[in-house]
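S.K.: Please find one structure pasted underneath; my questions will follow.
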Amino acid sequence: MSPERQPGPARSGHPEHLFAPLTAEAEKALQNLPGLLRRAFPLRPAMERELPNRIRDLSLSLTADREGGPRPGYLSDPRELAAYAWYFLPWNLLRLCRLLPGLDLTLPEDGLVCDLGTGPLTLPLALWLSRPDLRRTRLRFVCTDRSRRALDLGVRLFTEVAGFDPTSRDAPWRMRCLRGEYWQGLVEGAHLLAMVNVANEMVGTHREPLADRMERLAGQLAGALAAEGRVLVIEPGTRLGWRCLEGMRRAFVEMGLGLTAPCPHERPCPLAESRGRAWCHCILSPRGAPAWLTSLSERAGLAKERLSLSFLLVRAGAAPAASGLARVVSGPFALTDVRGSAVYACSGAGLLVLVAPDGRPPRSGDLVPVVIPADAPVDAKTGAPRVTLPSGPGLPVRRDGEGSPPRPPVARKASASRPGAGGPTGRSAKRTPASPAGRPPGRKRSRPGGVKGGLPPGRKGSRPA
């Protein structure tokens with residue numbers, strides 16, 4: 001957690017919000033991104049005219065049938081890279097710039113950061129824009145990707161945004177960019193190992209079962225960590241992205257690494273063992289997106305009502321215990337037999353259904369203090385205890401809709417809709433208001449995929465947008 005954000009539940013009894021608003025600097029950078037892109041990666045008039053179609057095609061290739069995996073090195077194609085840079089990059093920056101301030105990413109002087117599958121340096125860009133507290137620390141980055149074009153574009157963009165060339169020897173954040181596979185960027189003694197929308201892209205490229213593949217990947221990451229080092233893995237907010245993270249989570253716990261976020265406990269994942277079809281992911285509004293990006297998204301047929309992601313932050317050594325806390329892992333949904341609205345939450349006691357009688361539930365990603373009564377009723381759909389929250393656990397209703405109560409529920413027979421907002425990140429997924437950020441009843445479910453959590457897909461696989 002950054003110095004500016006102090007834990008809330010332990011002191012106030014109110015939720016601790018995971019997602020921070022965009023900083024003014026991040027908002028300005030997103031607004032100015034078209035000018036930066038035109039200077040760093042000029043497009044011929046024909047390429048610019050076809051950009052909406054290219055974006056739509058790239059999104060489909062990343063969210064459709066994943067058998068065989070994504071096309072390797074797709075960001076090396078200038079047309080694909082243009083689609084990624086104009087659409088996936090800004091949406092990924094927006095996601096990351098809202099997530100990173102709420103994470104415990106303290107780094108030492110001369111600390112080493114390995115960004116595996118970095119694309120156009122999306123994570124370093126987001127760190128610079130959203131974590132000004134880290135700018136005072138000299139850091140070394142090793143950024144690896146299959147596409148040299150993407151790496152070069154990232155260096156040019158970072159130079160424009162930060163005001164210095166990160167590849168120069170005297171840069172405060174010094175970056176070494178390597179073209180190659182993710183494992184070639186693993187350097188022993190890393191203080192932060194990051195993978196953004198990479199793991200899901202490995203699916204289909206190996207014959208071994210997904211769980212075995214993720215266990216092996218977790219072992220590779222853990223073996224390169226420094227004492228007190230951290231691993232941050234971010235995936236699309238899809239069932240596939242969560243399955244990748246859940247496999248790594250089990251392996252990290254077995255290896256003795258501490259779970260820092262979002263998990264408030266180290267017991268087996270309740271969602272993996274629940275009777276429902278839920279998966280762990282966070283939902284946030286697209287508030288802060290510049291007008292040019294929303295317009296381009298609409299022209300590409302990919303307008304967004306909400307964003308989603310799944311993530312896992314672990315550290316070498318034990319993590320502080322978080323007893324009596326639950327993490328909200330869905331958007332709000334309606335219950336047919338209870339007044340108000342509810343959310344799903346993960347706790348050391350298992351999956352919970354948190355009921356907000358005043359219709360103002362905590363936000364997705366919030367860490368909420370809970371007391372589970374011995375006689376708590378059981379949710380018929382999931383078998384999880386229902387815990388009624390005191391009035392006013394959330395923030396006041398916002399005009400942008402984030403943190404707002406759901407609209408009047410549509411009649412439905414289930415006691416609780418599945419949590420989560422699955423849909424591929426890159427698609428607009430309208431849902432019935434009463435649905436917990438999932439697909440409306442009767443709608444076909446999109447295949448898992450997505451575009452790199454906040455990062456466009458590339459050589460690695462899909463990246464959510």
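The values are calculated or read from the model by the stated rules, or taken from the named source; none is laboratory data. Remember, predicted model here, so these are calculated numbers, not experimental data. Neighbour counts are summed over all protein chains in view; Cβ atoms, including those assigned to glycine, are modelled from backbone coordinates with ideal geometry.
S.K.: Can you find, within the range 185-205, the residue that is surrounded by the fewest Cβ atoms within 10 Å (Cβ to Cβ) among those that are under 18 Å from residue 120 (Cβ atoms) and either out of contact with any helix residue (DSSP H, G or I) (no Cβ under 9 Å at 6 or more places or on another chain) or among the charged types (D, E, K, R) (or both)?
M.R.: Here the residue is 185.
S.K.: Grab the helices (runs of 4 or more DSSP H) fully contained in the range 5-53, keeping just those with 3 or more residues being modelled with pLDDT of 95 or more.
M.R.: Where helices (runs of 4 or more DSSP H) fall fully within the range 5-53 and carry at least 3 residues being modelled with pLDDT of 95 or more, they are 24-40.
S.K.: Can you work out which of the residues in the range 153-169 that are part of a loop (DSSP other than H, G, I, E, B) and modelled with pLDDT of 95 or more is surrounded by the fewest Cβ atoms within 10 Å (Cβ to Cβ)?
M.R.: 163
S.K.: Can you confirm whether residue 96 is at pLDDT 95 or above and touching a His at 6+ places or on another chain (Cβ under 8 Å)?
M.R.: So residue 96 does not fit the description; no.
S.K.: Which one of the conditions (1) closer than 30 Å to residue 230 by Cβ; (2) acidic (Asp, Glu); (3) surrounded by fewer than 23 Cβ atoms within 10 Å (Cβ to Cβ) does residue 366 fail to meet, given that it meets all the rest?
M.R.: (3)
S.K.: Might you check whether a residue that is in a strand (DSSP E or B), over 14 Å from the mean Cα position of the chain (by Cα) and of a type in the set (A, V, I, L, M) occurs anywhere in the range 240-257?
M.R.: Within the range 240-257 (the criterion being in a strand (DSSP E or B), over 14 Å from the mean Cα position of the chain (by Cα) and of a type in the set (A, V, I, L, M)), the answer is no, since none of the residues qualifies.
S.K.: Could you list, in sequence order, the residues of the range 334-343 that are over 19 Å from residue 98 (Cβ atoms), touching a Gly at 6+ places or on another chain (Cβ under 8 Å) and crowded, with 22+ Cβ neighbours inside 10 Å?
M.R.: Correct list: 341 only.
S.K.: Please work out which residue is surrounded by the most Cβ atoms within 10 Å (Cβ to Cβ), limiting yourself to the range 170-184 and to residues that are of a type in the set (A, V, I, L, M, F, W, C) and not in a helix (DSSP H, G or I).
M.R.: Applying the filter and picking the extreme gives 175.
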